[in-house]
Amino acid sequence: MDGTLQNDSDRFFVLTGGPGSGKTTLIEALKQAGFPTAPEAGRGIIRDQVAIGGPALAWRDRALFAELMLSWELRSWHAAHAESGPVFFDRGVPDTIGYLRLCGLPVPDHAVSAARKFRYARRVFIAPPWPEIFTQDKERKQTLDEARRTHDSVAGVYAELGYELVPLPLVPVEERVRFIIGEAGLRA
């Protein structure tokens, strides 16, 4: 079964990095350029959990929050198969492992198994910390230091899993879009 899981991995492009580094803005710009996208799990889970008074919040139950992130990312990976061309993901399955490590929580075997089986394109785009655009809001409560540590944690996980990290330049979003399209070997 592993062989069938990886058929589409070459067209599944991940954008990762710490919070507040411009990933979501970039994903939205790629969507506007006509590419299918998969939204970030964290913000969606936070919105839903706050709306229902649920416990799966990073500031209440980090392990449960991570489990929901993993489930969200797996669902996004499967949903991307309905698209015929490239798909851009705002984070991927390995980000869950990075989050757990950042929090000092144990990484369950099933999370490692998921990261090994549900693959993406070998080249992963990583947004470095960008203090000039970093902001906090009601869903992003992390500090800039936590954002830097998140970046380092997810970078380590992707590297361990054999991905090539492609740092995004600290340039306006339109230039970042052109950079990604070029580095991914695509056309707008």
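Any residue in the range 33-41 that is closer than 17 Å to THR150 by Cβ, in contact (Cβ under 8 Å) with a residue 24 or more places away in the chain and either aliphatic (A, V, I, L, M) or surrounded by 15 or more Cβ atoms within 10 Å (Cβ to Cβ) (or both)? Let's see the steps before the verdict.
Residues of the range 33-41 closer than 17 Å to THR150 by Cβ: 40-41.
This time we only want the ones that are in contact (Cβ under 8 Å) with a residue 24 or more places away in the chain, so: 40-41.
Now restrict to residues that are either aliphatic (A, V, I, L, M) or surrounded by 15 or more Cβ atoms within 10 Å (Cβ to Cβ) (or both): 40-41.
Yes, the conditions are met somewhere in the range 33-41.
For the range 6-25: of the residues being polar (S, T, N, Q) and surrounded by fewer than 22 Cβ atoms within 10 Å (Cβ to Cβ), which is modelled with the lowest pLDDT?
GLN6
Return yes when ALA121 is surrounded by fewer than 15 Cβ atoms within 10 Å (Cβ to Cβ) and out of contact with any Cys (no Cβ under 9 Å at 6 or more places or on another chain) and no when it is not.
no
Output the residue which, of all residues in the range 48-69 that are surrounded by fewer than 17 Cβ atoms within 10 Å (Cβ to Cβ) and closer than 17 Å to PRO108 by Cα, is farthest from the chain's Cα centre (by Cα).
Once the filter is applied, the top-ranked residue is ASP61.
Which residue, of VAL93, VAL124, VAL50, VAL107, is of a type in the set (Val, Ile, Thr) and farther than 17 Å from ALA155 by Cβ?
Criteria check complete, one pass: VAL50.
Collect the residues in the range 29-56 that are in contact with a helix residue (DSSP H, G or I) (Cβ under 8 Å, 6 or more places away or on another chain), not charged (D, E, K, R) and not in a helix (DSSP H, G or I), keeping them in residue-number order.
Passing the criteria: ALA33, PRO36, THR37, ALA38, PRO39, GLY54, PRO55, ALA56.
Output the number of residues of the range 174-185 satisfying the condition of being surrounded by fewer than 16 Cβ atoms within 10 Å (Cβ to Cβ) and of a type outside the set (Lys, Arg).
Number satisfying all stated conditions: 5.
The values are calculated or read from the model by the stated rules, or taken from the named source; none is laboratory data. Every value quoted in this text rests on a predicted model; they were computed, and no experiment measured them. Neighbour counts run over all protein chains shown; Cβ positions are idealised from the backbone, glycine included.
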